[in-house]
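Okay, structure first, notes after.
The values are calculated or read from the model by the stated rules, or taken from the named source; none is laboratory data. Just so we're clear, the structure is a prediction, and the values are computed from it rather than from any experiment. Positions of Cβ are backbone-derived with ideal geometry, glycine not excepted, and every protein chain shown enters the neighbour counts.
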Amino acid sequence: MTTSWLGFKGVEELGGGLRAEMALTAFLRPDTGEAGRFFGDKLFSRDANIALSGAFAARSWANAAAGDSGWSNQVIYSAPDFDGLSANLYYQFGEKAGDTGSKNIGLNALYFHGPLALSAFYHKVQVSNPDGGAALVDATAAPLNFAAIDSQRAYFIGASYDLNAAKLYATYSSSRDESAAALTLDDQTYSLGVKAPAGNGDVLLAYAHTRRSGSLAGSELKRATAALGYDYNLSRRTDLYAIAMSDKLGSAGRATSVAAGIRHKF
């Protein structure tokens with residue numbers, strides 16, 4: 001349930017509450033000994049950051065629906081935590097050859113108080129990552145020409161509540177993709193989930209539904225996904241997990257996937 005990675009972090013106290021920070025973390029594939037999540041992925045594609053942290057700023061990191069899971073050449077401002085409420089502003093300089101006006105902008109807000117957690121984000125993405133020359137969303141050309149997409153606007157809201165006997169989750173996201181040929185692609189996704197303690201672990205259950213429309217998609221497409229898993233704690237830092245997922249896409253047949261693994265955090 002976690003992509004393997006190895007990282008290094010450092011902090012130096014500069015005095016007066018000011019700190020210099022660095023982080024270098026690399027995805028890796030232990031079965032082959034190769035770096036990255038896939039062929040061509042950069043060594044430090046997970047984190048390669050320096051930061052100045054104090055009463056005015058802090059380092060953070062955000063996932064994104066487009067432009068990969070992290071943005072290169074990015075500046076982040078993290079607002080101080082106020083009674084469980086925090087916010088972050090992200091700006092990625094495009095540095096795209098022949099198109100320096102393209103850039104990525106993001107904003108998120110997080111709230112954690114007792115059993116309640118709330119989150120929301122908005123972004124406008126025009127540059128892919130980590131290289132800036134790949135497709136913005138997906139390089140696949142069939143059945144939809146995702147490679148034609150050159151801009152995405154998206155927002156997301158999510159909530160969780162811990163009842164002790166179970167933890168409940170709910171999310172909603174919406175994105176609009178556009179291409180130079182004025183073709184569009186719209187996605188709306190909601191998900192529901194629950195994590196319930198059972199034995200020395202947790203039962204995990206989730207359901208998600210997506211509706212896709214727009215001129216790039218042609219006819220409306222729907223996707224429904226359900227997953228059931230169990231995460232067993234061998235120790236405080238090591239767990240075993242097994243997951244089964246059922247997926248139904250449009251008029252295509254239903255597909256089933258299974259996964260099992262061991263995870264060690266050190």
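Hand me the list of strands (runs of 3 or more DSSP E) wholly inside the range 69-134 holding 3 or more residues that are of a type outside the set (Asp, Glu) and within 29 Å of LEU163 (Cα to Cα).
Qualifying strands (runs of 3 or more DSSP E): 85-92, 104-113, 116-125.
Kindly provide the set of residues from the range 211-241 that are in a loop (DSSP other than H, G, I, E, B) and closer than 13 Å to MET1 by Cβ, ordered by number.
Of the residues in the range 211-241, the ones in a loop (DSSP other than H, G, I, E, B) are 214-220, 234-237.
Those that are in a loop (DSSP other than H, G, I, E, B) and closer than 13 Å to MET1 by Cβ: none in the range 211-241.
Could you list, in sequence order, the residues of the range 242-257 that are part of a strand (DSSP E or B) and either without any contact (Cβ under 8 Å) to a residue 12 or more places away in the chain or of a type in the set (Val, Ile, Thr) (or both)?
Selection gives ILE243, ALA255, THR256.
If the requirement is being surrounded by fewer than 16 Cβ atoms within 10 Å (Cβ to Cβ), among the hydrophobic types (A, V, I, L, M, F, W, C) and modelled with pLDDT of 95 or more, which of these qualifies: LEU240, LEU204, LEU249?
Answer to the selection: LEU240.
Of the residues SER102, SER69, which is surrounded by 14 or more Cβ atoms within 10 Å (Cβ to Cβ), at pLDDT below 80 and not hydrophobic (A, V, I, L, M, F, W, C)?
One residue alone meets the criteria, SER69.
Which one is surrounded by the fewest Cβ atoms within 10 Å (Cβ to Cβ) among residues in the range 19-57 that are closer than 16 Å to PRO80 by Cβ and in contact with a Phe, Trp or Tyr (Cβ under 9 Å, 6 or more places away or on another chain)?
PHE56
Are there any pairs, at least 6 apart or on different chains, whose C-beta atoms fall under 9 Å, with the first in the range 173-191 and more than 30 Å from ALA226 (Cβ to Cβ) and the second among the β-branched types (Val, Ile, Thr) and surrounded by fewer than 19 Cβ atoms within 10 Å (Cβ to Cβ), and if so, which?
GLU178/THR184
Being at pLDDT 95 or above and of a type in the set (Lys, Arg) is the filter here; which residues of the range 153-173 pass it?
The one that is at pLDDT 95 or above and of a type in the set (Lys, Arg): LYS167.
Could you go through the range 111-130 and let me know if any residue there is modelled with pLDDT under 80 and not aromatic (Phe, Trp, Tyr). Steps first, please.
As a first pass, look at the range 111-130 and keep what is modelled with pLDDT under 80: 129-130.
Restricting the remaining residues to those that are not aromatic (Phe, Trp, Tyr) gives 129-130.
Scanning the range 111-130 turns up at least one residue that is modelled with pLDDT under 80 and not aromatic (Phe, Trp, Tyr).
Take the range 208-240 and flag every residue that is in contact (Cβ under 8 Å) with a residue 24 or more places away in the chain and among the hydroxyl-bearing types (Ser, Thr, Tyr).
Selection gives SER213, SER215, TYR230, TYR232, THR238.
Test LEU183 against the stated conditions and say whether it is in the same structural domain as LEU249 (by TED's automatic domain parsing) and either within 19 Å of the chain's Cα centre (by Cα) or under 28 Å from LEU116 (Cβ atoms) (or both).
When the stated conditions are applied, LEU183 does not pass them.
Do we find that ALA62 is surrounded by 15 or more Cβ atoms within 10 Å (Cβ to Cβ), more than 26 Å from LEU185 (Cα to Cα) and modelled with pLDDT under 90 in this structure?
Criteria not met by ALA62.
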